[in-house]
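What follows is a set of notes on a single structure, which appears directly below.
The values are calculated or read from the model by the stated rules, or taken from the named source; none is laboratory data. In this text, all values refer to a predicted model and were calculated from it rather than measured experimentally. Here the Cβ is made from the backbone with ideal geometry for all residues, glycine too, and neighbour counts use every protein chain on show.
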Amino acid sequence: MHKNFFMIIIILIVLLITIGCNQSDKNSSINDFSISYLEIMDDMYLVENEVSISSEVPNANRVLLNIQDYGQNEIEETIEGEKSGDDWFVEYKNNDPFTKEIWLVAYFDDGEQISEKKVITNQDQSYESVFENIIPNTLNESEKINLYKQKVNLTILGWVDNNNVLAKDKDNLFSYDIYNNEKNIIYENIWNIYTSFSKDKFIYENDDGVFISNINKEENKKIFDINASMILKDLTWSRNEDSIILNIVEDKEEKYYLIDLNNNDIELIDIDKDLYSLEKMLYLDNNYIYAIGNIKSKDNEDNGDLSNYLLSYNINTKRVKNYTPDIQPMDDIKILSQVNDREFLIRMSTKIISEEEITSSDIIYILDTKGRTLKKIKEDMDFPYLYSLSSNKEEYIYLSNIMENDKVKMNEKAIILGLDKEEEIEILKAVQYYPSNFYWSNNGKKIAFYIDNIKEIYLIERKS
């Protein structure tokens, strides 16, 4: 009898150990999650834009998929899994070029388990190596510049210093080291970011209102309350960076507030909206607001075909100066970039209509807000009419057509660097996709640009 009793006890213990092992095996299977992929290359999963991830963890209460840019240490997105039977499923969709690290986190009654990371990409590396988008001119590139590139998702705002770019992605502001492909987060969960020209200060909005801070986060204070009926439409800095103008839309009415950043005084600016409309503010210099805007008249009471002009508006005298009086409704005016603390590059596109065709003349001007002058500096620009000056105006960079057999080559542009106003060299060739702007470092020796279509940042570094 005792012998049978002991045998029963031993059998029960074995069964309990077996069940425990099976339970442990089910929990630990999170590392075996599956990915819908096309092929595996260099330890990466080549996937389509829509990726299915699944894992058999029947005892989990919750499963999350974490996603981050490859080589970064910041979670970009978390997606909740859905359970079906014993399996958990997650769908990830991204129509942009991407290379991401992904991993699962499973939550159980007795804790959580984290899977190993796997790398997914929708970029065929063998295809990219054959069809590079930016191609150096090997003859001049080796003599004049170094070229660096990284694949990263960001928007360039300028330079923090001579080595780090100031940038944002979604609702985060950070400095970015292109050499090491590293992000250093400054603020999270902020939007409507407006930096001063020096990049020492910036304005941002969050759920609590509008704030001012500096790059080192040593000063951070609220300067304006935003309620549910308000939208921050536009903002511009003063030249001395001591004040700003907010363009707030409240209950469909546009209002302009002058804020003294030293003492937080707020003044509502009186702009006659029956006469003027400021579409895009540019700068505040010596009580003049520089902006792209409309001039309304009695001859155009329905405002159906207003031209955009480059204007300056004196907030004290209410006097307006129109720098582009001859512009027509079909013409276009665009702010390209800020050159220094008093000058801006402006592009004007003039349409020329004949019986046979409509042609365009694109000219680059420089606006001096201190001297209140507009001066032509370059004519006959090629599409996409991109031109940029260094802060000392001694060097410049622009896009130009590439000619072959007296014909313009389709989908190719030369990137031209002008040195000391005396020498121009073709340093790069852009194929299919082009930069939207160029950003000069503080010392003028480096130029950064970004190509949004392929999520790549490039750094041109002048050799000494």
Members of the stretch 215-230 that are free of Cβ contacts under 8 Å to residues at least 24 places away in the same chain and surrounded by 15 or more Cβ atoms within 10 Å (Cβ to Cβ): ILE226, MET230
Going by the structure shown, is LYS429 in contact with a strand residue (DSSP E or B) (Cβ under 8 Å, 6 or more places away or on another chain), at pLDDT 90 or above, of a type in the set (D, E, K, R) and over 22 Å from TYR458 (Cβ atoms)? no
Do we have any residue at all in the stretch 435-447 that's free of Cβ contacts under 8 Å to residues at least 60 places away in the same chain, over 19 Å from the mean Cα position of the chain (by Cα) and surrounded by 13 or more Cβ atoms within 10 Å (Cβ to Cβ)? yes
Considering residues of the stretch 170-196 that are part of a loop (DSSP other than H, G, I, E, B) and among the hydroxyl-bearing types (Ser, Thr, Tyr) only, the residue surrounded by the most Cβ atoms within 10 Å (Cβ to Cβ): SER196
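Report those strands (runs of 3 or more DSSP E) wholly inside the stretch 43-98 carrying at least 2 residues which are within 22 Å of TYR450 (Cα to Cα). Step through it out loud before you land on a result.
On the way: elements: 44-46, 50-56, 62-69, 77-80, 82-84, 87-93.
The qualifying strands (runs of 3 or more DSSP E) are 62-69.
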If I filter the stretch 274-287 for residues that are in contact with an Asp or Glu (Cβ under 6 Å, 6 or more places away or on another chain) and not in a loop (DSSP other than H, G, I, E, B), do I get at least one hit? yes
Just one listed residue, out of ILE145, ILE185, ILE193, is at pLDDT 95 or above and of a type in the set (Val, Ile, Thr), and it is ILE193
Looking at the structure I just gave you, is ILE358 aliphatic (A, V, I, L, M) and either surrounded by 11 or more Cβ atoms within 10 Å (Cβ to Cβ) or at pLDDT 95 or above (or both)? no
